[in-house]
Amino acid sequence: MAELPWVHTYAADDLHAGRRTPWDIFRSEWALEAAVALLETFRNRRVLWRYPPRLLDLIRALGPANICVGPGGPDAEATAILGALLDLADQHPETEAFRERLLARNTDRRDREGWVWAGLERENHEACAKVAEDLRPFDLPYTADILAARSNLDTPVVTATPVGTGLLLSRRRLALATPGVGPSLPLVPR
């Protein structure tokens, strides 16, 4: 016998009868709580949780404008942020390679494949959520500092080391010490 999730007393009879209404109520409550958790973890930790596509669809069905309502009325800023986070979540590939790339960043945390560092930028006076860590080779919308760090990674730096009577020139890529960009390469003579 399967255990039913917690529901209001008035809905228990409808659940046992197999009616759809209590399940719809349960799904909408679940989506509401997930949307609030998505928004709050982004605000507090700059993390975007990777929810299953079905849950994202349920959040979208409720509508960010209906979710982001406080005691003072609708919160336009929170609505814009939640909408931007949902748009960014749609752009994450649901492939095994992407999950492995997320896990490769830090093996100490078991939940590492479940979230992505994110940042908020303004484009044309609209909130736009972007990935705030380098997840090469995946083509995602990255924040400006990640794109700048990538361009610095591709700039060759020439170092000279004396070898005998001549100079040995070596080309190395310079990495910035930016979280998520990759290891910094020290410029040491050979």
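Going by neighbour counts of Cβ atoms within 10 Å, the residues F138, F42 line up, fewest first, as F138, F42. Annotation for R136 and Q91: the two label points, set 7 Å from Cα along the Cα-Cβ direction, are 1.9 nm apart. Using a/c under 1.5 as the rounded threshold, could you call the range 9-132 rounded, prolate or oblate? The axes a ≥ b ≥ c are square roots of the C-alpha gyration tensor eigenvalues, and prolate needs a/b larger than b/c, oblate otherwise. Taking the square roots of the gyration eigenvalues as a ≥ b ≥ c, the range 9-132 is oblate. Residue separation of R60 and V36 scaled by 0.36 nm, minus their Cα-Cα distance, works out to 7.4 nm of gained length.
Where a number appears in this text, it was derived from the coordinates with a stated rule and is not lab data. Small disclaimer: the values here were computed from a predicted structure and weren't measured. No Cβ is skipped: glycine too gets one built from the backbone with ideal geometry, and neighbour counts run over all protein chains shown.
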